[in-house]
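Input: a single structure, listed below in structure tokens.
The values are calculated or read from the model by the stated rules, or taken from the named source; none is laboratory data. These numbers were taken from a predicted model, which means no experiment stands behind them. Reconstructed Cβ throughout: ideal geometry from the backbone, glycine too, with neighbour counts over all protein chains shown.
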Amino acid sequence: MTEKKIRVIIAKPGLDGHDRGAKVVARALRDAGMEVIYTGLRQTPEMIAEAALQEDADVVGISILSGAHRTLLPRIMELIRANGQTNVKVFVGGIIPDADVIFLKECGVYAIYGPGTPTTQIVAEVRAAVLGEPQTAA
Amino acid sequence: MDLAAEVRAGSRLALARLLTEVENGTEQGKAALDTLFPYTGHAHLIGITGSPGTGKSSLVNQLARTFRKFSAARVEESNRVGVLAIDPSSPFTGGALLGDRIRMRDISGDPGIFIRSMASRGALGGLAHATAAAAQVLDAAGYNPILIETVGAGQSEVDIARLAHTVIVLQSPGSGDDIQAIKAGILEIADILVINKADQTGVESTEMALRAMLDLVSPSSRESSGWIPPILRTVATTGEGIQEVCEAVYRHQAYLQASGERKQRDYLRLTSELNCLISDLLVQKWRASLPDGAYHQALEKIHSRECSPLQAALELLQFSPKKV
């Protein structure tokens, strides 16, 4: 009799190796009582979708600092949805130009966290997205 | 179609969802386990344990790949490999960072290999409470073998010995002297001993210590057991020595069948599973039968030294569990 745990995948697709941000977010979500599956660097969209499926993730967090988000994100979203995981929430962290925010949201990404986002905000919004709690974002 | 039927039909989405239900101990999960139980008992369960950082995940990565190749050659068997990787939960927040997939890059794109990370959720024996049930689900879904990687284990996290058919204990060079090797606990449960990172210095002395430990086993008990754990060297990052480990697993599997020890181990596992369930259910029912506040009153009495913990427990047990 354990309560439902929020399961989050944190992944870095593509070729950039800057994983500090991904680790900070992973750690913050862990400290908020979530189960964080950290997949590491240089993941393909296929690997990320496969991990989301096998781990029955509630949330997938994608960290991108390479500028390839316009290519990678649509593909990741498409694969996750094709697996039948229609409820999985996807957020993106990293360097995303303002001009691309609308594009990513249209792809189905529910939030974009740039540099300086407080981790408390990310925790609150992840929880809200999964449990439907009112958002208490800063 | 319900989850159990979908899992039997091969849906991986249903499998992933059912594993969550089972992990959370929901009614749906329990019902599905009941339905699936008749289909279990086919998979060979392989436990991989050892101290943190000895290379368990890297070894699992290589083993899963090699087993997939091997069993593809033995056509009569399914060649889908299941992996359960357990990492610790925080005792303070209940959260967990599950990092075993990082080392499993080579196999994480293969749809014939199902990897599931599990948080230990407070269990202390190196597994999670639901690991046995999760293995049954993978078994019923046709995965064979199933590799179970424990939490980075120290000396006494030996629950895996009760769950797995073959236990691989991993060491790396330079971890303690020969007295560490003859202590009770984790080395005792090894069916196969693997020295990983065998390209590093100190591998000879580690192997010598392990060999000495095995030689100390009394001749009589060795004759009665009939299986002497082989000591193998691997470099999991390059794949060196992995084939030998797989072959040793198959040899051990054949030995278990031939000697009748597999049945013995199954009985041992089922006994401990049944005992756990009985005590859990008894406690649950007994708690439901307690009048409000009785437990707290007993606690107060113990705290004020009016009675001893044992006296209080006996008194509380006067309330007998209600019938179902």
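Summary of computed values
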item: Of residues in region B:69-83 being more than 11 Å from every other protein chain (Cβ to nearest Cβ) and modelled with pLDDT of 90 or more, the one farthest from the chain's Cα centre (by Cα); result: B:R80
item: Region A:63-79 - residue that is in contact with a strand residue (DSSP E or B) (Cβ under 7 Å, 6 or more places away or on another chain) and not in a strand (DSSP E or B) and, of those, nearest to the other protein chains (Cβ to nearest Cβ); result: A:I76
item: Single unsatisfied condition, B:L13 versus (1) out of contact with any Lys or Arg (no Cβ under 8 Å at 6 or more places or on another chain); (2) farther than 30 Å from B:G174 by Cα; (3) buried (at least 18 other Cβ atoms within 10 Å of the Cβ); (4) among the hydrophobic types (A, V, I, L, M, F, W, C); result: (3)
item: Number of the condition not met by B:E157 [criteria: (1) under 30 Å from B:A5 (Cα atoms); (2) more than 14 Å from chain A (Cβ to nearest Cβ); (3) in a loop (DSSP other than H, G, I, E, B); (4) not β-branched (V, I, T)]; result: (1)
item: Candidate set from region B:84-116 (those that are in a strand (DSSP E or B), under 16 Å from B:S57 (Cβ atoms) and without any contact (Cβ under 8 Å) to a residue 60 or more places away in the chain); member that is farthest from the other protein chains (Cβ to nearest Cβ); result: B:I113
item: B:N24 polar (S, T, N, Q) and within 15 Å of B:L147 (Cβ to Cβ); result: no
item: Answer from B:R65, B:R121 - the residue that is within 9 Å of chain A (Cβ to nearest Cβ) and surrounded by fewer than 22 Cβ atoms within 10 Å (Cβ to Cβ); result: B:R121
item: Meets criteria (away from chain A (no Cβ under 14 Å) and in contact (Cβ under 8 Å) with a residue 12 or more places away in the chain) for B:L127; result: yes
item: Qualifying residue in region B:27-45 (condition: within 16 Å of B:A128 (Cα to Cα), away from chain A (no Cβ under 14 Å) and touching a residue at least 24 places away in the same chain (Cβ under 8 Å)); result: yes
item: In region A:7-62, residue nearest to the other protein chains (Cβ to nearest Cβ) [restricted to those that are more than 17 Å from A:R81 (Cα to Cα), of a type outside the set (A, V, I, L, M) and assigned to a loop (DSSP other than H, G, I, E, B)]; result: A:G33
item: Candidate set from region A:71-112 (those that are acidic (D, E) and farther than 22 Å from A:D19 by Cβ); member that is farthest from the chain's Cα centre (by Cα); result: A:D98
item: Test result for B:A32, touching a helix residue (DSSP H, G or I) at 6+ places or on another chain (Cβ under 9 Å), part of a helix (DSSP H, G or I) and among the small types (G, A, S); result: yes
item: Any hit, region B:263-280, residues being at pLDDT below 85 and in a loop (DSSP other than H, G, I, E, B); result: no
item: Evaluation of A:F91 against (1) part of a strand (DSSP E or B); (2) facing chain B (nearest Cβ under 10 Å); (3) in contact with a Gly (Cβ under 8 Å, 6 or more places away or on another chain) (one fails), failing number; result: (2)
item: Within region B:281-324, considering residues that are among the aliphatic types (A, V, I, L, M) and exposed (fewer than 12 other Cβ atoms within 10 Å of the Cβ), the one modelled with the highest pLDDT; result: B:L310
item: The listed residue being touching a helix residue (DSSP H, G or I) at 6+ places or on another chain (Cβ under 8 Å) and farther than 21 Å from B:L33 by Cα, out of B:A298, B:A258, B:A288, B:A254; result: B:A298
item: Check on A:L104, in a helix (DSSP H, G or I), over 26 Å from B:M118 (Cα atoms) and in contact with a His (Cβ under 8 Å, 6 or more places away or on another chain); result: yes
item: All positions within region B:1-21 that are within 11 Å of chain A (Cβ to nearest Cβ), touching a Leu at 6+ places or on another chain (Cβ under 9 Å) and within 25 Å of B:L277 (Cα to Cα); result: B:L15, B:A16, B:R17, B:L18, B:L19, B:E21
item: Flag if A:G114 is away from chain B (no Cβ under 14 Å), surrounded by 15 or more Cβ atoms within 10 Å (Cβ to Cβ), farther than 28 Å from B:N24 by Cβ and of a type in the set (G, A, S); result: no
item: Odd one out for B:Q243 among (1) assigned to a loop (DSSP other than H, G, I, E, B); (2) surrounded by 13 or more Cβ atoms within 10 Å (Cβ to Cβ); result: (1)
